[in-house]
Structures are given as C-alpha cells and as structure tokens.
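What follows is a single structure, written as structure tokens, with notes after it.
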Amino acid sequence: MSYEAVARRYGRAIFEIGKENGNLSTLAREFQDASAMYSASEELRLVLDDPLVPEAQREALLRELCARAGLSEVTQSTLRLLSRRRRLAALPEIARQLARLVDQDQNLARAFVTSAGPLSDAYLDRLRAELEKATGKKISITHKQDPSLIAGVVTQIDDQVIDGSLRTRLSSFRDNLLRT
C-alpha cells in the first residue's frame, strides 16, 4: 500500500506546525528518529500494527517509547494519532516528506556523491561551491565510495545525475565500438 498521499498531508501539517511554533528543525529530527526507531525494530512494528493489540496498550507503549526518546508533545501526539488511524506504516514516508519540505524552506539541496576512492575535503568544498553556483541553493554533500566506478565521480541531486565515472565512459566507448 502506498502511503505517499497520506505522508504528504501529514508532512505538510507537521511542517506548518513547526514553522508556526519555531521548532521546525527539532520536529524534522524527531520524526527522522521516530522513523528510524520504527523501521529498525520488526517486533515494534508487529505490535504497533497488530489490530488484535488493544489500542490502550499500543498507546501506552508509544507513550513509553516517546518519553524514553525525549520526543516533543507535537511528535508524541502525531504518533499516537497515526497509531489510532492505523497509519504508522506511513511514518518513514512522512519523515521523508517533512525533510523535503524543510530542505525547500531552507533552500537546501542534498547531493549524493559517489567516487571510486576517497575525496579530499578541498575537492568536496570545490564541488560544493560549483554545485551551489549551478543550482542557486545551499548544498549538503553525502559522500560514499564505490570501487566499481574505477575512477571519477557520480553526483546526484534530486532526480538529476551527473555521471563522470570511468565505468560509464568505458561502457559508452564499448557501445560505440560495437555499433561501428
């Protein structure tokens, strides 16, 4: 079942509450944490999503978890509402939607950079500056390594991919040779 429409509505509502209360970044972090907690534990998901578990027990469990995690009242009541409406499975998507809205509000774009080997901080700073100039947004870079690229860098921002890897160049070269 797709929870995208539900997640957009809840994400927008949480975003508006956070903007109004001035605690938007806190709410976004708390929903990321709650989503990670929910996704990481199969037992927790089974109990919270089981219609045979009485609502009072689910709510008591949620209250205990929220208290231990130190979550705000807005986050706690939203999680309880999701539980009552049997929509906790949408929590990871709600957290993603909320993060997307916060990024838009802060004019921030997230770049995922993959390279064959380690990249220096100076290179990542130059890359960030170039991407900021090209997009007109602040850029947050997440870097990972993938030796299968052989050499070069692949950068993804939203749905745009800039592939400068040697693996892709060699594949393209091979395709061109096979066509001739």
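What follows is calculated from the coordinates using simple rules that are stated; it is not laboratory data. All of these numbers come straight from a predicted model, not from anything done at the bench. No Cβ is skipped: glycine too gets one built from the backbone with ideal geometry, and neighbour counts run over all protein chains shown.
Taking amide hydrogens as modeled 1.01 Å from N in the peptide plane, which residues meet the under 5 Å criterion relative to Ser165, leaving out close sequence neighbours?
Distant-sequence amide H within range of Ser165: Val153.
Just the number, please: Stokes-Einstein D of the range 107-179 in µm²/s, Kirkwood Rh from C-alpha pairs, 4 °C, 1.567 mPa s.
Numbers: Rh = 13.1 Å.
Here the translational diffusion coefficient equals 99 µm²/s.
For a bin width of 10 Å, list the pair-distance distribution of the range 4-104 built from all Cα-Cα distances, rounded to whole %.
16, 53, 27, 4, 0
5 Å is the cut-off here: which amide hydrogens, built 1.01 Å from N in the peptide plane, fall below it relative to Ala111, excluding neighbours closer than 5 in sequence?
Ser140, Ile141, Thr142
Of the listed values [x] 72, 43, 30; [y] 53, 31, 26; [z] 68, 37, 28, identify the label whose number matches Cα extents along the principal axes in Å calculated from this model.
[z]
Going by how many other Cβ atoms sit within 10 Å of their own, how do Tyr10, Tyr38, Tyr3 line up, fewest first? Spell out each step's value before the answer.
Values: Tyr10 24, Tyr38 20, Tyr3 17.
In increasing order of surrounding Cβ atoms, one gets Tyr3, Tyr38, Tyr10.
Against the longest principal axis of the chain, how steep is helix 73-84, in degrees 0 to 90 to the nearest 10, with axes from Cα atoms?
On a 0 to 90 degree scale, this one is about 80.
When the Karplus curve 6.51 cos²θ - 1.76 cosθ + 1.60 is applied with θ = phi - 60°, which whole-Hz ³J(HN,Hα) does each residue of the range 138-146 get, with x for Gly and Pro?
Each residue's phi maps through the Karplus curve to give 6, 10, 10, 9, 10, 10, 9, 10, 9 Hz.
Determine the relative contact order of the range 4-104: mean sequence separation of Cα pairs under 8 Å and six or more apart, normalised by residue count, in whole percent. Please list the in-between numbers first.
Numbers: 79 pairs, mean separation 51.8, N = 101.
51 percent.
Would you mind calculating the relative contact order of the range 107-179 from Cα pairs under 8 angstrom and at least 6 residues apart, reporting the percent as a whole number? Please list the in-between numbers first.
On the way: 106 pairs, mean separation 27.6, N = 73.
Relative CO of the range 107-179 lands at 38 percent.
Sum -39500 (n - 2.57) across every DSSP H segment of at least 4 residues in the chain, then divide by the residue count to get the 222 nm mean residue ellipticity, nearest 500.
Details: 8 runs with 114 residues, N = 180.
Only helices count here, giving -20500 deg cm²/dmol.
Could you derive backbone 3J(HN,Hα) for the range 97-109 from the dihedral phi with the Karplus parameters 6.51, -1.76 and 1.60 (θ = phi - 60°), listing whole Hz in sequence and x where the residue is Gly or Pro?
Along the range 97-109, the couplings run 4, 5, 4, 4, 5, 5, 4, 4, 5, 8, 6, 10, 10 Hz.
Under the 0.36 nm per residue contour assumption, what length would be gained going from the current alpha-carbon distance of Ile162 and Thr142 to full extension?
Working: separation 20, 0.36 × 20 = 7.20 nm, distance 1.48 nm.
Result for the pair: 5.7 nm of gain on full extension.
How large is ³J(HN,Hα) for each residue in the range 38-53, as worked out from phi by the Karplus curve 6.51 cos²θ - 1.76 cosθ + 1.60 (θ = phi - 60°), to whole Hz, x for Gly and Pro?
Once rounded to whole Hz, the list reads 5, 6, 6, 10, 5, 4, 4, 4, 4, 6, 5, 9, 7, x, 7, 7.
Any idea what the relative contact order of the chain is, in percent, if you count C-alpha pairs under 8 Å spaced at least 6 apart?
On the way: 189 pairs, mean separation 38.5, N = 180.
In percent, rounded to a whole number, it is 21.
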